[in-house]
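The values are calculated or read from the model by the stated rules, or taken from the named source; none is laboratory data. Just so you know, these numbers come straight off a predicted model, no measurement behind them. Backbone-built Cβ (ideal geometry, glycine too); neighbour counts: all protein chains shown.
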Amino acid sequence: MKTVLFVSHTAELNGAELWLFETLKGLDRSKYLPLLALPGPGLFEAAARAAKIETVRVPLVWWITERTGLWKGPAAGLLTKRQAERLAGLVREKNADLIFSNSAAVAAGALAAEKAGLPHVWAVHEMLAGPLAHLFYWRGPGRLARFIVGHSCRVIVNSRACASAFPPSDKIVLVYNGVKRKSYPPERLGDVRREYGLAEGEPVIGVIGKINEGKRQADVIQAAALLAADYPALNVLIIGNVQDKRYAARLRDLAAASGLGGRIRFAGYRHDLTGPLKIMSVLVVASTIESFGRTAIEAMAAGTPVVAARSGGLTEIIEDGLNGLLAARPGPEGLAEGIHRVLSEPALARVFIENGYRTIDGRFSLSAQIRGVEAVLDACGGAR
């Protein structure tokens, strides 16, 4: 059995962290013993401990940032080196055999593996180059990509869109996010509707993700306003923790001016999304920075039709017109057109639901995700 130190860039439990958490729970424990390093307390730590996964806290700094934070780059690099020393000490203490960094946002795991002479696997969940990039290295995307590949036995990417940031290399391995089909007791759906103040039969547009500008919740509010005349009982349910307070305030102002009254609800973070997804008429993924788009497959697994921006990894999930809709044009107008089709054509919505289930079973199953990661660990486990 080999001990693998998994390094998480946050202690939250959003898309990238959920991918790692589900992987850790599914790993073959006869081959790999996971140890999870987190930068502090949080939902991820609590969930991991409940799943009997050993956790340790190690301060970690992001060495890549949004464009406005590039000036922090040199200092972040120095802190990363110090934190790598601490991780290297943890490796010696726990007699780890391999280090696995989850997210390009932290590099301490890569440097610690170099110091300890261990193989390193890097799972990248972000768009790091091109017009959709949202995290940046102060020395440029080319240097960043070469560093990641050069300091890894394998680099796991979650989509071909994500892989486009890297030069061609046999180290790059595509492992899609995976989920299981989701069930929910029908008799409890009324409780979920009442929790959000929603009446039976009212159409609900759902949006899930951190409240920040890149997720483009504003586009969904504006799309709903365009549809209000045709759907006077239309509701918008926005689920996600606030990452950008100024943007959240703008969204509330936009909601107040939309003419939808109290039908736009800001529900905050929710870990278990199955109930909310089951009451949604359509999930909208408006984000244009998605390297994958996990909420799209979560909706499919729950039997909820999906309308999404034609961007990034979403185009690898959604086969337009077969298992969902990709907006024909960018912005609120394109989203509104897609939402209208789903709401006004029940037969089409049923087709999307059935084909969504087939998509999960065929291309985005949780078992395929875990097998993909284990294949990488098997390939790197003996490297030095």
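Here are the numbers:
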quantity: Extreme residue, modelled with the lowest pLDDT, among residues of the range 197-223 that are more than 27 Å from Lys25 (Cα to Cα), within 24 Å of the chain's Cα centre (by Cα) and assigned to a loop (DSSP other than H, G, I, E, B); calculated: Asn212
quantity: One residue from Arg216, Arg252, Arg270, Arg246 being of a type in the set (Lys, Arg) and crowded, with 22+ Cβ neighbours inside 10 Å; calculated: Arg216
quantity: From Leu60, Leu43, residue being closer than 21 Å to Gly117 by Cα and either surrounded by fewer than 20 Cβ atoms within 10 Å (Cβ to Cβ) or at pLDDT below 95 (or both); calculated: Leu60
quantity: Matching residues, the range 130-144, being in a loop (DSSP other than H, G, I, E, B) and farther than 15 Å from Thr288 by Cβ; calculated: Tyr137, Trp138, Arg139, Gly140
quantity: Unique match (being touching a residue at least 40 places away in the same chain (Cβ under 8 Å) and of a type outside the set (Phe, Trp, Tyr)) among Ile239, Ile317; calculated: Ile317
quantity: Among (1) buried (at least 16 other Cβ atoms within 10 Å of the Cβ); (2) closer than 21 Å to Ala225 by Cα; (3) of a type in the set (Gly, Ala, Ser) - the single one Ser344 does not satisfy; calculated: (1)
quantity: Some residue of the range 63-85 being over 24 Å from Leu135 (Cα atoms), of a type outside the set (A, V, I, L, M, F, W, C) and in contact (Cβ under 8 Å) with a residue 12 or more places away in the chain; calculated: yes
quantity: Filtered residues of the range 174-202 (kept if of a type outside the set (Gly, Ala, Ser), in contact with a strand residue (DSSP E or B) (Cβ under 8 Å, 6 or more places away or on another chain) and surrounded by fewer than 18 Cβ atoms within 10 Å (Cβ to Cβ)); calculated: Leu174, Lys180, Tyr196, Glu202
quantity: In the range 171-196, the residues that are of a type in the set (D, E, K, R), assigned to a loop (DSSP other than H, G, I, E, B) and at pLDDT below 95; calculated: Lys180, Arg181, Lys182
